[in-house]
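The values are calculated or read from the model by the stated rules, or taken from the named source; none is laboratory data. Keep in mind that what you see is a predicted model, and the values were worked out from it rather than measured. With ideal geometry, Cβ positions are generated from the backbone for all residues, glycine too; neighbour counts draw on all protein chains shown.
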Amino acid sequence: MSEDSFSKKLMTAAAMLLFRSHRKPGVKGWELKYRLGKNYMKVIDALNSHLKRLGLEVKTVFEEEKDFDKARFYVTLSHPMLLSDLVTAGWSIDEVAVLAVALSILASRGGKAPMKEVLEILQTKLPRWKAESYLERAIRRGYIEKTDEDVLLMGWRAKVEIDQRELLKSMLELQPENRQEPGEKTRPEKQDQEF
Amino acid sequence: MSEPKKVKLTREELEKIIKICESVEKRGLDPFTVNVKELLSTLRKALEENQELDHYVLDAETMYKIAAIIALQHKWLRDSAQALFVDAQLIGTKLLAADKKSIVRAFLKAWRPIISLEQVTFQRLKQGIDYFLGLPPRSGERVWGWKISDREVELLKAKLAAEEDVDEKIRMLHQELLREYESRGEIDYWDFIRRGGFEESFERAYLLSFLITEGFVDVKRNPLKNEIKLIPRREKAERKRPSSLVIVMGGEAR
């Protein structure tokens, strides 16, 4: 393959992975194979090394078996975000806190928990309407699923974006008092007063 | 009397076991809260006491539900092992004790959001326009399009001319009706449309139907005399209760 054609394939792969073409983000392996050829994994690896320089990476999520054609490929951040990045990205601290609490409870209970119990914990720190509204938003975004019996489950997005072992590990390391990590930039949050 | 009551009691017990199992399964509760050993011994007792076919079905269902709970316990253990055997209670306590920022900071360590763009680019827009312009016209339905052939233009002109011609004929028929009404009064429908051959009569009846529908002509029908009279108007009349009238031409029936 010539260098020119490889770089064209690299651009195609970047466009396919970065632009959302389906209801959900990400591209299936067979779609990449169709556009990039049977050696699509080489293109993806090359793209991955390019993206890593920008703090991004290509994440492969397998279904049941380890088959690349059936797997789904996403571009995600390669490093953890800072609190200040969150606000820049349009998230409020309260919203992420609700997401963190709900997903931690679900991860600690094997991916399933009654909504009532999750809300009970959230209500100790937030008004009910706020907790419910952020939980609904998390459901809409695909982080959480809700069954007809009001049971919450880990959503597809949480399975892609969250490292569950890391989440539980860092939650276990939580300290009761508010500690700021060295070198972390945070701006004064007006929502802090609510906690 | 005590025998059926006992049967009913064991049946209720089994139904209760089924409900417990279903509740654990549906609500995602800890499957180890169910004492499987105790449930199995109750089931064995019930099976020994009631050896009817009907009861066996319920026993089998209970057995299936208990098996599902055992499968859930297996999954629970596997998930706990994957989650480093973290106690859900401990996580709950930690979450309650920590402040919002610490929770978010801990969450960020495990969170790698998906990056995806939804904005349209100039290139994508151009692709879209090119695609649209390249689309073939839909057969039989699309008259207007980006490229209209000369033949389509000719057909369109002929169609418009035909429509103008019909409008003129209707206008003339209206004038004729008004003139006849002024000289003779109410006009008999059949006398009015019967001019020339069948084709001309048919055309007059067809054009007249437009005038009637539009409200320029009133129709008075006398079923006893089998008469249909026409009363033309200079101005369009508002139809308060419009109704339809079927008139058959070219046959015995009128």
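What the table shows:
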quantity	calculated
When residues of region A:43-87 are limited to those that are among the aromatic types (Phe, Trp, Tyr) and surrounded by 13 or more Cβ atoms within 10 Å (Cβ to Cβ), the one nearest to the other protein chains (Cβ to nearest Cβ)	A:TYR74
Residue list for region B:115-148, restricted to those being of a type in the set (A, V, I, L, M, F, W, C) and either in contact with a His (Cβ under 9 Å, 6 or more places away or on another chain) or modelled with pLDDT of 80 or more (or both)	B:ILE115, B:LEU125, B:ILE129, B:PHE132, B:LEU133, B:LEU135
Test: residue in region A:118-139 that is more than 7 Å from chain B (Cβ to nearest Cβ), more than 14 Å from the chain's Cα centre (by Cα), under 23 Å from A:ARG23 (Cβ atoms) and assigned to a strand (DSSP E or B)	no
Residue selected from region A:140-175 under the condition more than 16 Å from the chain's Cα centre (by Cα) and in a strand (DSSP E or B), by the criterion farthest from A:ILE105 (Cα to Cα)	A:LYS146
Lone unmet requirement of (1) modelled with pLDDT of 80 or more; (2) over 30 Å from A:PRO176 (Cβ atoms); (3) of a type in the set (Lys, Arg) for B:LYS100	(2)
In region A:57-94, the residues that are closer than 20 Å to A:TRP156 by Cα and among the hydrophobic types (A, V, I, L, M, F, W, C)	A:VAL58, A:VAL61, A:PHE62, A:PHE68, A:ALA71, A:PHE73, A:VAL75, A:LEU77, A:TRP91
Residues of region A:79-102 classified as closer than 25 Å to A:SER21 by Cβ and at pLDDT 90 or above, total	0
Of all residues making up region B:100-120, the number that are within 8 Å of chain A (Cβ to nearest Cβ) and not in a helix (DSSP H, G or I)	8
Boolean, B:ILE170 is at pLDDT 80 or above, under 46 Å from the mean Cα position of the chain (by Cα) and at negative phi	yes
Residue match in region B:214-233 (condition: in a loop (DSSP other than H, G, I, E, B) and touching a Gly at 6+ places or on another chain (Cβ under 8 Å))	yes
Residues of region B:194-232 that turn out to be without any contact (Cβ under 8 Å) to a residue 40 or more places away in the chain and within 26 Å of B:ALA162 (Cα to Cα), as a count	15
Residue in region A:21-68 that is modelled with the lowest pLDDT, counting only those that are among the basic types (Lys, Arg) and in contact with a helix residue (DSSP H, G or I) (Cβ under 8 Å, 6 or more places away or on another chain)	A:LYS24
Failed item, numbered, when A:GLN123 is tested on (1) on the phi > 0 side of the Ramachandran plot; (2) at pLDDT 90 or above	(1)
Tally of residues being surrounded by 13 or more Cβ atoms within 10 Å (Cβ to Cβ), out of contact with any strand residue (DSSP E or B) (no Cβ under 7 Å at 6 or more places or on another chain) and modelled with pLDDT of 90 or more across region A:9-20	5
Test for A:ASP69: is it outside any helix (DSSP H, G or I) and either over 18 Å from A:GLU161 (Cβ atoms) or touching an Asp or Glu at 6+ places or on another chain (Cβ under 7 Å) (or both)	yes
